[in-house]
Amino acid sequence: QVQLAESGGGLVQAGGSLRLSCAASGRTFSRYDMGWFRQAPGKEREFVAAIRWTGTSTFYADSVKGRFTISRNNAKNTVYLQIDSLKPEDTAIYSCAAKSDSSSLYDTEKYAYWGQGTQVTVSS
């Protein structure tokens, strides 16, 4: 069992930055692949970024490449999402998720554990 709690969201102007954190409970956090997803009003949840449990491989949606950076600190049971050059279209609820198998990192259905999410609002 893994419990996840996101923080770091807020209201920011376009061009600004935020650093989202996802704190995990459980001693086996280091063995979970971690992902960030977002859901804007009226839209389906979409993949944003993911990182393998080793921390050596990262993956990004095309829409965020070059602006978002995912990282993790297994000693602190935390995964981060650094968001730079924010755009109004980045406005959404951002959620972190964990999965323990080697299935696709992009598929929401493959993640067993989810946090409650943190709101990111970007003003133009």
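The values are calculated or read from the model by the stated rules, or taken from the named source; none is laboratory data. Just so you know, these numbers come straight off a predicted model, no measurement behind them. Positions of Cβ are generated from backbone atoms using ideal geometry, with glycine treated the same way; all protein chains shown enter the neighbour counts. Heads up: the accessible areas ignore ligands, DNA and RNA and are worked out on the full protein's heavy atoms, side chains in. Shrake-Rupley method; radii C 1.70, N 1.55, O 1.52, S 1.80 Å.
Take the conditions out of contact with any strand residue (DSSP E or B) (no Cβ under 6 Å at 6 or more places or on another chain) and modelled with pLDDT of 95 or more and apply them to Glu44. Does it pass? Judged against the criteria, Glu44 is a match. Selection of the range 5-49 for residues being farther than 13 Å from Asp84 by Cα, open to solvent by less than 20 Å² (accessible area, probe 1.4 Å) and of a type in the set (A, V, I, L, M) yields Ala24, Met34, Val48, Ala49.
For the range 104-117, which residues satisfy the criterion of being closer than 12 Å to Phe37 by Cβ and in a strand (DSSP E or B)? If the condition is that a residue be closer than 12 Å to Phe37 by Cβ and in a strand (DSSP E or B), then Trp114 is the only one that fits.
Return yes when Asp90 is out of contact with any His (no Cβ under 8 Å at 6 or more places or on another chain) and either of a type in the set (S, T, N, Q) or open to solvent by 30 Å² or more (accessible area, probe 1.4 Å) (or both) and no when it is not. Spell out the reasoning first.
On the way: out of contact with any His (no Cβ under 8 Å at 6 or more places or on another chain): yes; either of a type in the set (S, T, N, Q) or open to solvent by 30 Å² or more (accessible area, probe 1.4 Å) (or both): no.
No.
Can you tell me which residue in the range 40-57 is nearest to Ile93 (Cα to Cα), limited to those that are charged (D, E, K, R) and assigned to a loop (DSSP other than H, G, I, E, B)?
First, pick out the residues of the range 40-57 that are charged (D, E, K, R): 43-46, 52.
Applying the additional criterion that residues be assigned to a loop (DSSP other than H, G, I, E, B) yields 43-45, 52.
Details: Lys43: 11, Glu44: 11, Arg45: 9, Arg52: 22 Å.
Per the criteria, the residue is Arg45.
Going through (1) free of Cβ contacts under 8 Å to residues at least 60 places away in the same chain; (2) in contact with a helix residue (DSSP H, G or I) (Cβ under 7 Å, 6 or more places away or on another chain); (3) β-branched (Val, Ile, Thr) one by one, Val122 falls short only on (1). In this structure, Val64 does not qualify as over 15 Å from the mean Cα position of the chain (by Cα) and either part of a loop (DSSP other than H, G, I, E, B) or buried (at least 18 other Cβ atoms within 10 Å of the Cβ) (or both).
To keep it simple, each residue is scored yes or no on (1) closer than 17 Å to Gly10 by Cβ; (2) open to solvent by 30 Å² or more (accessible area, probe 1.4 Å); (3) outside any loop (DSSP other than H, G, I, E, B).
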{"position": "Phe59", "(1), (2), (3)": "no, yes, yes"}
{"position": "Ser71", "(1), (2), (3)": "no, yes, yes"}
{"position": "Ser85", "(1), (2), (3)": "yes, yes, no"}
{"position": "Ala98", "(1), (2), (3)": "no, no, yes"}
{"position": "Gln119", "(1), (2), (3)": "yes, yes, yes"}
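Which of the following residues is free of Cβ contacts under 8 Å to residues at least 40 places away in the same chain, in contact with an Asp or Glu (Cβ under 9 Å, 6 or more places away or on another chain), farther than 16 Å from Thr121 by Cβ and among the aromatic types (Phe, Trp, Tyr): Phe37, Phe47, Phe68? I'd like the intermediate steps shown before the answer.
Values: Phe37 fails: free of Cβ contacts under 8 Å to residues at least 40 places away in the same chain; Phe47 fails: free of Cβ contacts under 8 Å to residues at least 40 places away in the same chain.
Checking each option against the conditions leaves just Phe68.
Does Phe37 satisfy the condition of being assigned to a strand (DSSP E or B), aromatic (Phe, Trp, Tyr) and touching a helix residue (DSSP H, G or I) at 6+ places or on another chain (Cβ under 9 Å)? Yes; evaluated as a whole, the condition is true for this residue.
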